[in-house]
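The values are calculated or read from the model by the stated rules, or taken from the named source; none is laboratory data. Treat the numbers as computed from the prediction; the structure is a model and nothing was measured. Glycine also receives a Cβ, built like all others from the backbone with ideal geometry; neighbour counts cover every protein chain displayed. Protein only, heavy atoms only, side chains kept; ligands, DNA and RNA dropped before computing areas. Shrake-Rupley method; radii C 1.70, N 1.55, O 1.52, S 1.80 Å.
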Amino acid sequence: NQADGEWLHMIYVLSEGAIDSLENIYLGEEEIGSFGAFASYELIVNPTQVNAFLKANCPGWKDSQIGRGLSFVRVSLRYSAEKFPSGIPDARFVVKGRNDIFDPRTGATGYSANTALHILWYLRARCGVPDDEIVFSTFASAANVCDETVTNADGSVSQRYWTACVIGADEQRTGVLQKLEAACAGKLIRVGGRWMLQAGAYYGPYDFELTEDMVVGTITGSTEPANDAAINVVRGTFVDPSQSWTETDYPEVRVDQWVIEDGGEAAETLTFSYVTDP
């Protein structure tokens, strides 16, 4: 009858598999805690039996409705025309994701934001690549690069590469891997049927000597990069948590001296769908 005080119980499926934790819920643009006694929730992770609350409070809930292999949230709203003037609000969830990310450096499994470890998980769990076709040492080295501390433009420090993303079940696997590679400036390499990863970093040395035993053919070179490689401006988008996790422009990177020398902009657009730090 939509009288004040009536309860509505809703289920939101977050993910296949177990997640690490639920950090916050937003109803509309407000944190769920601001609704006080008019809103409550429960995180249910990979259950093995029917949820007691749902069974007790939802007359149509069956013993067979368990949700095995899923992580989902029960959100309960107590009707109030003052608290919910526009009806049921949109819900958004801040989640720490999967807790089955394997780290070859330690042999441990758990939650991680490390991009190299995400790529390794995706190859094994979603692409079905067997372990004997993976060179785990290269993923360990790439994970170390991702964990390196870097200084940001504002003087703060952070991990060099990390990923925050929701991967849809209908996404093409090649597209997902390309986004993950972009998130660590990395490259998946497949040689002799085995998979390796190199994360973007400087691997030096800055100079080396060419000797005759290295030469196997005619040597060619160029003193200047080709125009398509002479980039002097980079712009694009990332996912901004401060703007409700929408895709937003990150600060443009420009080298004014190069723009002048090149006689104009030579810009490249780089989109980082799985990156949440500008």
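Under conditions of 20 °C and 1.002 mPa s, the range 102-156 yields 175 µm² s⁻¹ as its translational diffusion coefficient, taking Rh as the Kirkwood radius over Cα pairs in the Stokes-Einstein equation.
Ellipsoid fit via the Cα gyration tensor, the range 37-195: semi-axes of 38, 22, 14 Å, each the root of five times an eigenvalue, largest first. Under 1.5 on a/c is rounded, so check that first for the range 139-200, then, if it is not, pick prolate when a/b is larger than b/c and oblate when it is not; a ≥ b ≥ c are the square roots of the alpha carbon gyration tensor eigenvalues. In terms of gyration-tensor shape, oblate. For the chain, the mean residue ellipticity at 222 nm estimated from helices alone is -5000 deg cm²/dmol, where every DSSP H run of n ≥ 4 contributes -39500 (n - 2.57) and the total is divided by all residues, rounded to the nearest 500.
In a simple Cβ point-charge model (Lys, Arg +1; Asp, Glu -1; nothing else charged), the chain has a dipole of about 1520 debye relative to its Cα centre.
Give me the distance between the Cα centres of the range 54-87 and the range 155-207, rounded to whole Å. Measuring centre to centre over Cα atoms gives 39 Å. When the surface is traced with a 1.4 Å probe over the full set of protein chains, V191 keeps roughly 90 Å² accessible. Please report the base-10 log of the normalised intensity I(q)/I(0) for the range 1-117, using a Debye sum with one equal scatterer per alpha carbon and no solvent, at each q in 0.09, 0.23 (1/Å). Debye intensities relative to I(0), on a log10 scale: -0.32, -1.30. Taking every C-alpha pair closer than 8 Å and separated by at least 6 residues, the mean separation divided by the residue count of the chain gives a relative contact order of 14 percent. The angle between the Cα long axis of helix 115-125 and the longest principal axis of the Cα atoms of the chain comes to about 70 degrees, rounded to the nearest 10.
Summed over the residues of the range 149-222 and divided among them, the accessible surface reaches 77 Å² per residue at a probe radius of 1.4 Å.
A Förster radius of 51 Å, combined with the Cβ-Cβ distance separating D262 from A18, puts the computed FRET efficiency at roughly 0.50. Applying D = kT/(6 pi eta Rh) to the range 238-278, where Rh is the Kirkwood radius over alpha-carbon pairs, T corresponds to 20 °C and eta to 1.002 mPa s, the Stokes-Einstein value obtained is 182 µm²/s. Only lysines eight or more places from K187 in sequence, or on another chain, were considered; those with a Cα closer than 25 Å are K179. Of the Cα atoms belonging to the range 1-61, the radius of gyration and Dmax stand at 13.6, 38 Å.
Kirkwood analysis of the Cα pair distances in the range 128-278 returns a hydrodynamic radius of 18.8 Å. Just so you know, the Rg over Rh for the chain is 1.08, from Cα atoms, with Rh as the Kirkwood radius. Within the accessible surface of the range 45-103, defined with a 1.4 Å probe on protein heavy atoms only, the carbon and sulfur portion equals 50 percent.
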